[in-house]
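Undergrad: Let me give you the structure first, and then I'll get to my questions.
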């Protein structure tokens, strides 16, 4: 919400006592639904941040940008009344990377992850994030393709027209995307100004299908 400040404690209090919060740079999660479990992993890329000027120092190399993936399992109330697994992906921004190889490595690293109790990433109901891959690219199928189905593009279901998300000041590319598993549908999909951010934010109204 554009009128809310980026104060996570304040935001959490507005969402209510039953909600949850996870803060692990660069992925932050705020939920009005209880968080049952979650996990996060780096994706093993050796690239460096190349598009964020304020993170650079003329005397040093730009910071590493290994990529990250998180899953969050939420106990969602009405109208779904079930657990929903959200995968949040942050892929490297270096322009020279081969995007199909990036997507393949991300999927491989996610499949290899084991949590403290040797749990793996559960299959996603929602796949969302900063993919640094333009919408419509064939390389995205590597992440969207799940056993027996292809996750649906939320923009196809609930969006209208071009929806570029980056850079926030003058968006040109739709690289922030959302995909849904069978049983869910995007009733609305929009890219909106999130205030003091480098990307515009995705707003997705998800309903049972």
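The values are calculated or read from the model by the stated rules, or taken from the named source; none is laboratory data. Keep in mind it's a predicted model, so treat the numbers as computed, not measured. Cβ placement follows ideal geometry from the backbone for every residue including glycine, while neighbour counts extend to all protein chains displayed.
Undergrad: Given the residues 154, 187, 181, 103, which is the only one that is at pLDDT 95 or above, touching a helix residue (DSSP H, G or I) at 6+ places or on another chain (Cβ under 6 Å) and more than 22 Å from residue 47 (Cβ to Cβ)?
TA: One residue alone meets the criteria, 187.
Undergrad: Another question, then. Pick out the one residue from 29, 49 that is at pLDDT below 90, within 30 Å of residue 103 (Cα to Cα) and in contact with a strand residue (DSSP E or B) (Cβ under 8 Å, 6 or more places away or on another chain).
TA: Unique residue meeting the criteria: 49.
Undergrad: Taking the condition free of Cβ contacts under 8 Å to residues at least 40 places away in the same chain, under 16 Å from the mean Cα position of the chain (by Cα) and not in a strand (DSSP E or B), does residue 182 pass?
TA: Considered against the rule, which asks whether it is free of Cβ contacts under 8 Å to residues at least 40 places away in the same chain, under 16 Å from the mean Cα position of the chain (by Cα) and not in a strand (DSSP E or B), residue 182 comes out as no.
Undergrad: Being closer than 20 Å to residue 63 by Cα and outside any strand (DSSP E or B) is the filter here; which residues of the stretch 26-44 pass it?
TA: Within the stretch 26-44, 26, 43, 44 qualify.
Undergrad: A further question follows. Suppose we keep only residues that are in a loop (DSSP other than H, G, I, E, B) and free of Cβ contacts under 8 Å to residues at least 12 places away in the same chain within the stretch 105-135. Which one would you say is surrounded by the most Cβ atoms within 10 Å (Cβ to Cβ)?
TA: Ranking the qualifying residues of the stretch 105-135, first place goes to 120.
Undergrad: Which of the residues that make up the stretch 78-91 are in contact (Cβ under 8 Å) with a residue 24 or more places away in the chain and in a strand (DSSP E or B)?
TA: If the condition is that a residue be in contact (Cβ under 8 Å) with a residue 24 or more places away in the chain and in a strand (DSSP E or B), then 83, 84, 85, 86, 87, 88, 89, 90 are the ones that fit.
Undergrad: From the set of residues in the stretch 13-41 that are within 23 Å of residue 67 (Cβ to Cβ) and exposed (fewer than 13 other Cβ atoms within 10 Å of the Cβ), which is nearest to the chain's Cα centre (by Cα)?
TA: 26
Undergrad: Further, regarding this structure: Have a look at 139, 163, 169 and point out the one that is more than 25 Å from residue 122 (Cβ to Cβ), out of contact with any strand residue (DSSP E or B) (no Cβ under 9 Å at 6 or more places or on another chain), without any contact (Cβ under 8 Å) to a residue 60 or more places away in the chain and not in a strand (DSSP E or B).
TA: 169
Undergrad: Answer yes or no as to whether residue 75 is modelled with pLDDT under 95, over 14 Å from the mean Cα position of the chain (by Cα) and either within 14 Å of residue 132 (Cα to Cα) or part of a strand (DSSP E or B) (or both).
TA: The answer is no for residue 75.
Undergrad: Looking at (1) within 20 Å of residue 202 (Cβ to Cβ); (2) at pLDDT 75 or above; (3) over 19 Å from the mean Cα position of the chain (by Cα), which is the only condition residue 4 fails?
TA: For residue 4, the failing item is (2).
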